[in-house]
Amino acid sequence: MTVDIDFTAFFDTTPSPYLVLDTDLVIRYVNPAYLQTTGRASRDLIGKRYFDALPPRPGFPNDPQRDVKTSLCRALDTGKPDVLVLQRYDIPAPGRRGGFEERWWSKIHTPLPGPDGTVKWIVQRAEDVTAFFRSGRAGQLGEEFTTREKGLAAELYARTDELHRLNRELLQAHARERQVAVTLQEAMLSVPDLSHHDNIAVRYLPATTSLNVCGDWYDVVDLPPDRYAAAVGDVVGHGLHAAAVMGMLRSALSAVIRAIPSPAQALEVLGLYARSVDGAMAATAVKVLIDTRSRLIIYSNAGHPPPVLLHRRDGTCELLDRATDPPLGAREHHVPRPQAGLTYTPGDTLVLYTDGLIERRDEDIDAGLARLTTALRADRTLLPDQLADGLLARLDVTEGAPDDIALIVIRL
């Protein structure tokens, strides 16, 4: 079977430095890796004799050309590859006119036959092993090592050094991407009205497997003169797409509650909108409206874990679970969503959260809810900021969890 391979494309993309010589030792091809390693341009090399294009360092006591020329001639004469290990061949230093820099190479000259069987081309692979030589490792290779083994040792060292460099660059790139992601998430979760409430604490923890961009969200909206609304929601998945969907749903609900201060009707509108947004189906959300004059909490829930009301008086916890409906966009046809209300006493605490706070693998959600209410009772006298941090610590998610977490703690 004939395999159609574009060898020029192969050499252009390989990270190893290659050039191709004809039998007169004129350079006919040089790949980008060779140009990068030597700091030369293709016009400086192609079409020129090898030793004219790459002259030796003036005044160097030993003739580095001699060994390279001998190796090239051996490859031409024998038709077999020839190896040069730890060959010093200095090259012009970039930016220093007439200056050279010390370089050590491991070179392999591979002859390629033409149709008649005689050598037509020589391929030179030249690995820069200067770092290996300067490390002192070269002197540790005794006579028991063959020339080929020494060459492999030098090349492996060079490859390891290159991998370390690439790893550093990847870590730096990841750090930059993470910072961009954090900035994006913070901008998307900005809550201007939150500055008016010293009785509210919010927390957001991305999933430990994500790039700090996830689909959980929270929001607080003032509804003057004596009401405000809070919400948390969860979009399926992680990453930029989930974050984008989250941003759209959060913005839409924030706008709707200002025009329609009814949690149930606001979620109805959001559900209709979710059906037109790719990736928004099955998203969950819970909306609460707090009327400070009548001391009333009105809420509606679209498939989300129930908020918890911690009573200051006796430390009991009450789940807001009497107005729960399917997630956003789950119904084919529009159906009004339920709504419920309950009164509170000043000093009570309302907690809204996403499922990453309480859900654990292979565990019923009731166990997670029990763990949450136990933690709330234990820390019920703390201020909202301290209580939020205490909850994360008691539920062992301070450093994050497999799923992202959004949390709102409201001292009523």
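The values are calculated or read from the model by the stated rules, or taken from the named source; none is laboratory data. Keep in mind the model is a prediction, meaning the values are calculated, not measured. Every residue, glycine as well, gets a Cβ built from its backbone with ideal geometry; the counts of neighbours run over all protein chains shown. The protein model used for the area step is the full one, side chains on, heavy atoms only, and it has no ligands, DNA or RNA in it. Shrake-Rupley method; radii C 1.70, N 1.55, O 1.52, S 1.80 Å.
Worth a mention:
- Condition met for His311 (surrounded by 18 or more Cβ atoms within 10 Å (Cβ to Cβ) and either at pLDDT 90 or above or touching a strand residue (DSSP E or B) at 6+ places or on another chain (Cβ under 6 Å) (or both)): no
- Test result for Arg380, closer than 26 Å to Ser195 by Cα, in contact with a strand residue (DSSP E or B) (Cβ under 8 Å, 6 or more places away or on another chain) and part of a loop (DSSP other than H, G, I, E, B): yes
- When residues in region 314-338 are screened for being among the small types (Gly, Ala, Ser) and open to solvent by 20 Å² or more (accessible area, probe 1.4 Å), 1 of them pass.
- Number of residues in region 216-260 that are touching a residue at least 60 places away in the same chain (Cβ under 8 Å) and of a type outside the set (Asp, Glu) equals 14.
- Just one of the listed residues (Ala280, Ala264, Ala255, Ala285) is part of a helix (DSSP H, G or I), open to solvent by less than 10 Å² (accessible area, probe 1.4 Å) and either of a type outside the set (Phe, Trp, Tyr) or at pLDDT below 95 (or both), and it is Ala264.
- Any hit, region 217-231, residues being open to solvent by 30 Å² or more (accessible area, probe 1.4 Å), assigned to a helix (DSSP H, G or I) and more than 19 Å from Leu352 (Cβ to Cβ): no
- Cβ-Cβ contacts under 9 Å between residues 6 or more apart (or on different chains), taken from a first residue in region 29-47 that is touching a residue at least 60 places away in the same chain (Cβ under 8 Å) to a second residue that is part of a loop (DSSP other than H, G, I, E, B) and open to solvent by 50 Å² or more (accessible area, probe 1.4 Å), are listed as Tyr34/Arg40.
- When region 390-409 is filtered for residues that are open to solvent by 80 Å² or more (accessible area, probe 1.4 Å) and not in a loop (DSSP other than H, G, I, E, B), only Arg394 remains.
- Residue in region 237-245 that is surrounded by 21 or more Cβ atoms within 10 Å (Cβ to Cβ) and not β-branched (Val, Ile, Thr) present: yes
- Conditions (1) open to solvent by less than 60 Å² (accessible area, probe 1.4 Å); (2) assigned to a strand (DSSP E or B); (3) modelled with pLDDT of 90 or more: number failed by Gly271: (2)
- Filtering region 350-368 to residues that are farther than 20 Å from Glu399 by Cα and not in a strand (DSSP E or B) leaves Asp362, Glu363, Asp364, Ile365, Asp366, Ala367.
- Filter result for the condition that a residue is within 22 Å of Val202 (Cβ to Cβ) and surrounded by 15 or more Cβ atoms within 10 Å (Cβ to Cβ), over Gly356, Gly341: Gly356
- Where a residue in region 349-371 is closer than 15 Å to Leu320 by Cβ and its partner, wherever it lies, is at pLDDT 95 or above and of a type in the set (D, E, K, R), with Cβ under 8 Å and at least six apart: Thr349/Arg411
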